[in-house]
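What follows is calculated from the coordinates using simple rules that are stated; it is not laboratory data. Remember, it's a predicted structure, so these values are computed and weren't measured experimentally. FYI the Cβ positions are ideal-geometry reconstructions off the backbone, even for glycines, and counts take in every protein chain you see.
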Amino acid sequence: MSDFPSFPPGFVFGAATASYQIEGAAREDGRGPSIWDTYSHTPGLVADGDTGDVACDHYHRYPQDVALLRELGVGSYRFSIAWPRIVPDGAGPVNPKGLDFYSRLVDELLSAGIEPAATLYHWDLPQALEDRGGWRTRETAERFAEYTAVVAEHLSDRVPRWITLNEPWCSAFLGYSVGRHAPGAREGRGALAAAHHLLVGHGLAVQALRAAGAREVGITLNLDRNLPATDSAADLAAVVRADTQHNLVWTEPLLAGRYPATEEETWGELITGQDFRRDGDLELISQPLDFLGINYYRPIVVADAPYREDDPARRVATDNRYQEVRLSGVRHTAMDWPVVPGSFTELLVELKDRYGDALPPVFITENGSAEDDEAGPGGTVDDVDRVAYLRDHLTALRAAMDAGVEVRGYYVWSLLDNFEWAFGYAKRFGIVRVDYATQRRIPKASYHWYKAMIAAQRG
Ligand code: IFM
């Protein structure tokens with residue numbers, strides 16, 4: 001008997017990565033600059049001055065990475081497509097070499113018996129579009145649909161599962177309000193406009209994918225379970241604001257075809273005075289999905305915080321009008337994120353309770369932990385904390401399924417150590433260690449555990 005959680009037949013196990021975090025080859029074969037090239041090359045924004053110029057050199061080493069996936073025994077691999085490889089200027093000519101790269105990757109996966117799952121936008125916006133306003137403008141949503149149509153036309157015969165956007169909360173709020181992600185803006189209204197245009201872009205991309213005959217179409221959200229620091233009325237109200245900004249801004253338009261009822265109490269005149277919404281947008285955004293992708297890592301404990309008059313642009317930011325409180329009594333990962341697997345179950349069950357039959361089948365498109373890995377002889381890593389994290393979260397996922405949530409698959413984040421955005425290479429999420437000096441890949445104990453867990457499902 002093993003202590004592996006068990007899943008129903010047909011449940012998909014996978015691993016996930018994203019283009020800018022692993023590919024490197026930033027100036028090769030016609031790729032244009034993205035907002036992350038600009039951001040990471042701006043001194044002081046990314047830890048240690050790290051950039052994605054080389055990353056894991058996956059662009060050249062993808063056959064080796066697919067071999068690792070095959071050996072792992074996963075049924076599916078979730079990767080993202082770099083928009084600036086396909087349309088280097090964000091609009092206009094298509095770059096055939098960019099399409100060829102993903103076509104080769106898809107063929108390599110299929111010949112290894114692995115289903116490709118492609119994300120169309122994992123944050124690498126062509127810089128040329130940002131120069132024209134980025135996601136603050138509807139034009140970016142329209143260009144996104146054109147790029148999606150090109151990719152879908154080339155790959156939808158071989159890629160069964162499509163994800164329009166990854167974690168639009170990060171794009172809108174970390175990117176345009178907190179400024180901790182590219183493009184590094186610190187605005188109030190700009191972030192809300194970005195959130196809306198990301199949703200419009202999603203809706204247009206769904207139409208483009210359907211027109212190209214794509215089989216399964218969804219979006220990935222990083223939904224948060226927000227818990228009150230105390231049961232005071234002020235903290236409970238702060239949770240409502242946090243929930244609106246992290247969750248409802250996405251789930252209400254996507255799943256219920258309406259804007260959040262709590263948006264005015266959360267954003268005040270920033271949302272009432274807006275002019276970026278148009279008639280028909282909600283119908284576009286709420287088109288039926290084949291699945292909802294959910295990325296889950298941790299709960300967030302929220303306390304009330306005063307509105308900082310000195311920084312009105314940050315009114316929509318996570319650290320204005322509410323603040324995160326460190327949870328005590330639980331282990332924290334290297335990101336300082338609390339490990340609370342039970343809140344994973346609760347998040348999924350509450351989502352099902354809220355949306356009922358309007359909730360499509362779920363894929364967990366990311367889950368995993370950054371740990372302070374210590375490499376032993378030959379670079380091996382005995383990452384017991386990551387193994388425990390994965391085992392406990394898979395067990396929590398199984399509990400949500402037993403409680404009635406339809407979950408079809410799980411992708412571990414991440415196959416490889418990689419560029420963790422503003423944290424650079426200092427934070428390691430991989431189940432495979434990457435020695436960045438040599439680009440050697442060394443499977444960690446968690447890789448071997450995940451492999452054994454997948455094999456155990458076959459009995
Ligand atoms: O590395 C990121 C990924 O790009 C998006 N989801 C969260 C991960 C860990 O922070």
Are any residues in the range 360-395 in contact with a helix residue (DSSP H, G or I) (Cβ under 6 Å, 6 or more places away or on another chain) and over 18 Å from residue 12 (Cβ atoms), and if so, which ones? 369, 371, 382, 383, 386, 387, 392
Does the range 427-439 contain at least one residue that is more than 17 Å from residue 378 (Cα to Cα) and either in contact with a helix residue (DSSP H, G or I) (Cβ under 8 Å, 6 or more places away or on another chain) or away from the ligand (no atom under 16 Å from the Cβ) (or both)? no
Being more than 23 Å from residue 444 (Cβ to Cβ) and in a helix (DSSP H, G or I) narrows 85, 70 down to just 85
Residue set 45, 109; condition buried (at least 21 other Cβ atoms within 10 Å of the Cβ) and not aromatic (Phe, Trp, Tyr); output residue 109
Condition first: among the aromatic types (Phe, Trp, Tyr) and within 16 Å of the ligand (Cβ to nearest atom). Now tell me which residues in the range 272-303 satisfy that. 296, 297
Cβ contacts < 6 Å: first residue free of Cβ contacts under 8 Å to residues at least 40 places away in the same chain, restricted to the range 8-28; second residue assigned to a loop (DSSP other than H, G, I, E, B) and surrounded by fewer than 21 Cβ atoms within 10 Å (Cβ to Cβ), any location; separation 6+ or different chain. Result? 24/54; 24/57; 26/53
Return the residue satisfying two criteria in turn: it lies in the range 138-185 and is within 30 Å of residue 47 (Cα to Cα) and β-branched (Val, Ile, Thr), and of such residues it is nearest to the ligand (Cβ to nearest atom). 163
Search the range 366-394 for residues being part of a strand (DSSP E or B) and over 14 Å from residue 224 (Cα atoms), and hand back the single one that is nearest to the ligand (Cβ to nearest atom). 381
Going by the structure shown, is residue 22 over 18 Å from residue 441 (Cα atoms) and buried (at least 24 other Cβ atoms within 10 Å of the Cβ)? no
Checking residue 27 against (1) surrounded by 15 or more Cβ atoms within 10 Å (Cβ to Cβ); (2) within 25 Å of residue 182 (Cβ to Cβ), only one condition comes out false. Which one? (1)
Only one residue in 370, 334 is crowded, with 20+ Cβ neighbours inside 10 Å and farther than 21 Å from residue 244 by Cα. Which one? 370
